[in-house]
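Please read the structure below before turning to the comments.
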Amino acid sequence: MDLRHYLRVFRAHWLGMLVLVVAAVAIAFGWTLLQPRVYTADATALVQATAAAEDIGTKLVGNQLAASSVKTFVNLGSSRSVAERVIADLGLESTPERLVSQVTVTNPLDTYSLKVTATASSPEAARDIAESWVRGMAAEVNLLESTDETTPGLVYLAPIDSARLPTSPSSPNTRFALAIGGLVGLVIAFGYAMLRYTLDRRIRSVDGVEKELGIAVVGTLPEEKSFTAENRLIPQDGGTSVNSSSSHLFAIAEAMRELRTNIQFMDVDNPPRVIVITSPLPGDGKSTTASNLAITLASSGERVILIDGDLRRPMIGKIFGLVESVGLSEVLSGRAEIGQVAQRIPGRDNLIVVAAGKLPPNPSEVLGSAKMHELLTSLANEAIVIIDAPPLIPVTDAAVLTQHADGAVVVATVGKTTFEVLGKALGNLERANARALGVVLNRVPRRGTGAAYYGYQYHGDYYRADSEPSDSETADAEAGPRRRGATIA
C-alpha cells in the first residue's frame, strides 16, 4: 500500500477512528478521576563538619569528612528508626515500613546536601512528613556521631530549606495520562482502520476489481438520489444545458455516455450488437442501467431495441410506463410477432422497447430456446439490442441468455457487492461459455473517498452549454422522468 491507499482508508473510516481516539482519551481522563490524589513536598538538609574552618587545611579536612558521610546518611534516610521518630513526632497512624515507602532521600550530584521527598494524600501531610523526616535524620546522625541525639558530633545534619506546601497533586498527572490515552487511541484507531480495510471485501474502486478479478471496468455510474421507482430515466438532452430542468442529472448522463463510448469501442472491427445487462444479485440497478444505456445509444443516432428479458421480475415496462400484458413471452410462444409487441417511446424515435409480457413457468428454457436465438439474430441486423436479464447468482437465465448474445455487462454496487459475489457471478458466465464484456460500478459516491477517486466532483459546468435546449429537447426532458404513454409499433 502506498500513501494514497492509506489516505483512502483513513478517509473511509475517519469517523470510527475519531470515536476510538476520543474514547481512549475519555477513559484516560476517567482513570485520573478515580485515582487517589498524591501530593509531594521536598525538604533539604546539609551535611556539615563541626571543626572550625581556621585555615584551608582544616576546612579541607572538614569537607572530606562531610563528603565521606553523605552516602551513609542517604542510607540512614530509609531506616525504620527515622520513620518511628516521624510517627511519634506527628502522631501518625502508620507503620514504619509504610511510611518509609512514602519518603525518598537523595544526594544531588557533587553536593553535601540531602534532599527528602515525601508523598501523602494531602498537601499539609506531605509538608509535615518532609520536615519531620529531616529532623528525625538529624537526631539519628547526632546519636551516631556523639551518642546524644541533641549534641552534634564531628559531622551533623543542618536543615537549610523547609518544605513548601504543594499547590497541586503530583499524581495522577492528568496531562500525561491524556497524552498517553490519545497515543493509545491513535494506535487502536490505526489498527481498526487497517483491520476494516483487510476484512472489508466490498468493492470500493476500479483498481480493486481489475486487480482482484482480472476483468475490465467499462463504466462507473455516480449515485443519483433523485431517482425513484417511477422516475429513473435520464433526459434526452442529458442535462447539458445550465438552464435545463434536468441539469442535476448531468453527472449520471455523462457517465452513461462514457459507458456507451466504451462499449462501442470495445471491439472496433466487430462491436457488440446484442448486449445482456445483468448483475450478481437483485437491487444492483441493472434495469435502470439497461434503460438509460438504451436511451443514450438512441440519442447518438443508433437504432436501439430494449428487451425486458427478466421473465421473473420484469421492470422495463414499469420504468417506461408501457403496456405490460404483451411482450417477449408472446413472441417466443408464437402468439404474436415482434412488430406487434414492440412499443415506441414518444420523443425517442430510435428507441423501441419490448416488455416481458406474460411470465412463463420455465423462463430459463424459454430464454435458451432456438427461437430466442433466431429472434436476437434477426433484430441485431437492424438495431443494437439491449436485454435486461435476471441476476446471475439466483438463477441461470442471464448466463443462458448471454450464450445468444455478444456478451454481458455485469452491474455491481460500490460498497455493497463483494469481490466473492462478483467473482461467483462472472464464474457462472464462464461456465456457460458466455462472454463478459465488462463490469459497471453503480452508485459510486459523489463525495468522500469515492468522489475523489472517480472524479465526479470535477464535472461542474465544464461540458454544459449556455443556451436553452430546443423545444423538442425540453418536452422530452419534461416527459423523461414521468411514466410515459406508449404506442404499439
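The values are calculated or read from the model by the stated rules, or taken from the named source; none is laboratory data. As the structure is a computational prediction, the values presented were derived from the model and not from experiment. Virtual Cβ from ideal backbone geometry, glycine too; neighbours counted across all protein chains shown. Note: areas computed on protein heavy atoms with side chains; ligands, DNA, RNA excluded. Shrake-Rupley method; radii C 1.70, N 1.55, O 1.52, S 1.80 Å.
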Query raised in the report: For segment 429-442, what are the residues that are in a helix (DSSP H, G or I) and buried (at least 19 other Cβ atoms within 10 Å of the Cβ)?
Result: Leu429
**Report entry** Candidates Thr220, Thr167, Thr228 - the one that is of a type in the set (Val, Ile, Thr), under 30 Å from Leu306 (Cβ atoms) and part of a loop (DSSP other than H, G, I, E, B)
**Finding:** Thr228
Report task. Count, please, the residues in segment 327-341 that happen to be among the aliphatic types (A, V, I, L, M) and without any contact (Cβ under 8 Å) to a residue 40 or more places away in the chain. Result -> 2
Requested in this report: Within segment 411-427, work out how many residues are crowded, with 19+ Cβ neighbours inside 10 Å and either in contact with a helix residue (DSSP H, G or I) (Cβ under 6 Å, 6 or more places away or on another chain) or of a type outside the set (A, V, I, L, M) (or both).
Outcome: 4
Requested in this report: State which residue pairs qualify: first residue charged (D, E, K, R) and inside segment 247-260, second residue in a helix (DSSP H, G or I) in any location, beta carbons under 7 Å apart, and separation of 6 or more residues or different chains.
Outcome: Arg257/Thr296; Arg260/Leu293; Arg260/Thr296; Arg260/Leu297
Query raised in the report: In segment 252-282, which residue that is outside any helix (DSSP H, G or I) and among the acidic types (Asp, Glu) is modelled with the lowest pLDDT?
Result: Asp269
Report summary line: Residue pairs within 8 Å by beta carbon, gap of at least six or interchain, first lying in segment 264-278 and open to solvent by less than 60 Å² (accessible area, probe 1.4 Å), second modelled with pLDDT of 95 or more and among the basic types (Lys, Arg), listed first then second, are Ile277/Lys286; Thr278/Lys286
Query raised in the report: Out of all the residues in segment 365-377, is one or more crowded, with 24+ Cβ neighbours inside 10 Å and of a type outside the set (Ser, Thr, Tyr)?
Result: yes
**Report entry** Matching option when the condition is of a type outside the set (Phe, Trp, Tyr), closer than 18 Å to Pro36 by Cα and either under 59 Å from the mean Cα position of the chain (by Cα) or open to solvent by 40 Å² or more (accessible area, probe 1.4 Å) (or both), among Glu124, Glu97, Glu93
**Finding:** Glu124
Requested in this report: May I ask you to list pairs of residues, at least six apart or on different chains, whose Cβ atoms are under 7 Å apart, with the first in segment 159-182 being more than 9 Å from Thr32 (Cβ to Cβ) and among the polar types (S, T, N, Q) and the second being modelled with pLDDT of 90 or more and surrounded by 14 or more Cβ atoms within 10 Å (Cβ to Cβ)?
Outcome: Ser162/Ala43; Ser162/Glu131; Ser170/Val38; Ser170/Tyr39; Ser170/Thr40; Ser171/Val38
Query raised in the report: Conditions: (1) modelled with pLDDT of 90 or more; (2) among the charged types (D, E, K, R); (3) within 37 Å of the chain's Cα centre (by Cα). Glu382 meets all but one. Number of the miss?
Result: (3)
Report summary line: So, first residue more than 22 Å from Val409 (Cβ to Cβ) in segment 218-246, second residue of a type in the set (A, V, I, L, M) and modelled with pLDDT under 60, Cβ within less than 7 Å, six or more apart or across chains; the pairs are Pro235/Ala477; Gln236/Ala477; Asp237/Ala477; Thr240/Ala465; Ser241/Ala465; Ser244/Ala477; Ser245/Ala477; Ser246/Ala477
Query - Selection from segment 100-121 of residues that are closer than 25 Å to Gly153 by Cβ and surrounded by fewer than 16 Cβ atoms within 10 Å (Cβ to Cβ) - result: Thr106, Pro108, Asp110, Thr111
Query raised in the report: Right, Ala66: in contact with a Lys or Arg (Cβ under 9 Å, 6 or more places away or on another chain) and outside any loop (DSSP other than H, G, I, E, B) or not?
Result: no
Query raised in the report: Which members of segment 291-326 meet the condition of being among the small types (Gly, Ala, Ser), free of Cβ contacts under 8 Å to residues at least 40 places away in the same chain and surrounded by fewer than 21 Cβ atoms within 10 Å (Cβ to Cβ)?
Result: Ser325
Report task. For segment 170-196, enumerate the residues that are within 20 Å of Ser121 (Cβ to Cβ) and either β-branched (Val, Ile, Thr) or not in a helix (DSSP H, G or I) (or both). Result -> Ser170, Ser171, Pro172, Asn173, Thr174
Requested in this report: Mind listing whichever residues of segment 197-217 are in a helix (DSSP H, G or I) and open to solvent by less than 70 Å² (accessible area, probe 1.4 Å)?
Outcome: Val206, Asp207, Gly208, Val209, Leu213
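Results for (1) modelled with pLDDT under 95; (2) touching a helix residue (DSSP H, G or I) at 6+ places or on another chain (Cβ under 6 Å), shown as yes or no for each residue.
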{"site": "Val187", "(1), (2)": "no, no"}
{"site": "Leu195", "(1), (2)": "yes, no"}
{"site": "Glu210", "(1), (2)": "yes, no"}
{"site": "Arg232", "(1), (2)": "yes, yes"}
{"site": "Phe250", "(1), (2)": "yes, no"}
Query raised in the report: Hey, does segment 157-165 have a residue that's farther than 28 Å from Thr72 by Cβ and modelled with pLDDT of 90 or more?
Result: yes
